[in-house]
Amino acid sequence: MKTTNTKKMILFLSFFIYFFSCKGQQLPLNTDLKNIPTNAYVKDLNNELTPYLGTYKAIFQGNEIILYVTKAENKLVDYGDQKFYRDALIIKYIIKNSSGTILQDTKNNTSKIELFSIGTRPYQNSIIFSYSGTNCNVGWGKVILKKLNDNQIIWEYRPNDIIIDDAKCPPGTDINIYLPETKDLIFTKQ
C-alpha cells in the first residue's frame, strides 16, 4: 500500500514539475529577440503598454483614421523556428474618405491584416509595431507610435516594398495602402 502511495506521489510531483517547466519563463517586455527561448512569456511587467490603450482619431489627406488600441496577453508569436508568447498591443482601424465611405475596416471584420507591438523604446516613449500589410502583404512594414501626452500619440509608418505578380496576388485584388504613409501625424484620444 505504501509503495502505491509513494508511486502516486512521485508521479504527481513529476507531472507538477513538468507542467510548470513547460509553461516557460517570464521575461521583461524589451527582451532582445535572440534571448527569448521557446515557449517563454515576454510580459508587460511594468505596464509600459497601458498608456497607449484607447481609441484615437486623425485626419490625413481628407481621410479619417480611427485607431482602436487594445492589449492582448499571451499572444503567440510564431517566427517558424522560434515560438514564444508576449503581451502586445493590437491595433484595429477604420479608414473613411471625406464622404464617409469606409475604405478599410479591420475592426469589424475578420481581416488577416495584423498590426501588433513587437517592442518598446522607453527612453523614446515609443512602441514599435509590425504591420502585415494589406491584401497580398502590400505595404508590410512597421509603425512607430510615440506618446506625446496623455491624449495624443504621434504616428510614423515605414512600409517596405513588395513585388506583386498574378501568382502572388490575383488580378482585381485591392492592393491600396490606406494607412497614412507619413511621419509625425498626431492622433487624438477620443
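The values are calculated or read from the model by the stated rules, or taken from the named source; none is laboratory data. Remember, predicted model here, so these are calculated numbers, not experimental data. Note that we place each Cβ from the backbone using ideal geometry, even for glycine, and neighbour counts take in every protein chain shown.
Could we say that Asn108 is part of a loop (DSSP other than H, G, I, E, B), in contact (Cβ under 8 Å) with a residue 24 or more places away in the chain and on the phi < 0 side of the Ramachandran plot here?
no
Ile91 - would you say it is within 16 Å of Val69 (Cα to Cα), assigned to a strand (DSSP E or B), within 13 Å of the chain's Cα centre (by Cα) and modelled with pLDDT of 95 or more?
So Ile91 passes the test.
Report the residue count in the range 53-69 for those that are in contact with a helix residue (DSSP H, G or I) (Cβ under 9 Å, 6 or more places away or on another chain) and either farther than 29 Å from Thr38 by Cβ or exposed (fewer than 13 other Cβ atoms within 10 Å of the Cβ) (or both).
0
Restrict the check to the range 139-149 and report whether at least one residue is in contact with a Lys or Arg (Cβ under 7 Å, 6 or more places away or on another chain), surrounded by 14 or more Cβ atoms within 10 Å (Cβ to Cβ), in a strand (DSSP E or B) and without any contact (Cβ under 8 Å) to a residue 40 or more places away in the chain.
Yes - at least one qualifying residue is present in the range 139-149.
Residues checked against (1) modelled with pLDDT of 95 or more; (2) in a helix (DSSP H, G or I):
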{"site": "Thr6", "(1), (2)": "no, yes"}
{"site": "Phe12", "(1), (2)": "no, yes"}
{"site": "Phe16", "(1), (2)": "no, yes"}
{"site": "Ser21", "(1), (2)": "no, yes"}
{"site": "Asn46", "(1), (2)": "no, no"}
{"site": "Val69", "(1), (2)": "yes, no"}
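Mind checking which residues of the range 150-190 are over 17 Å from the mean Cα position of the chain (by Cα), of a type in the set (Phe, Trp, Tyr) and either part of a strand (DSSP E or B) or surrounded by fewer than 13 Cβ atoms within 10 Å (Cβ to Cβ) (or both)?
Phe187, the sole residue that qualifies.
Can you name the condition, by its number, that Phe84 falls short on among (1) more than 13 Å from the chain's Cα centre (by Cα); (2) exposed (fewer than 14 other Cβ atoms within 10 Å of the Cβ)?
The one condition Phe84 does not meet is (2).
Yes or no: Ala72 closer than 19 Å to Asn47 by Cβ and buried (at least 16 other Cβ atoms within 10 Å of the Cβ)?
Numbers: closer than 19 Å to Asn47 by Cβ: yes; buried (at least 16 other Cβ atoms within 10 Å of the Cβ): no.
Considered against the rule, which asks whether it is closer than 19 Å to Asn47 by Cβ and buried (at least 16 other Cβ atoms within 10 Å of the Cβ), Ala72 comes out as no.
Does Ile113 fit the bill of being under 17 Å from the mean Cα position of the chain (by Cα), over 18 Å from Thr55 (Cα atoms), of a type in the set (A, V, I, L, M) and part of a loop (DSSP other than H, G, I, E, B)?
yes
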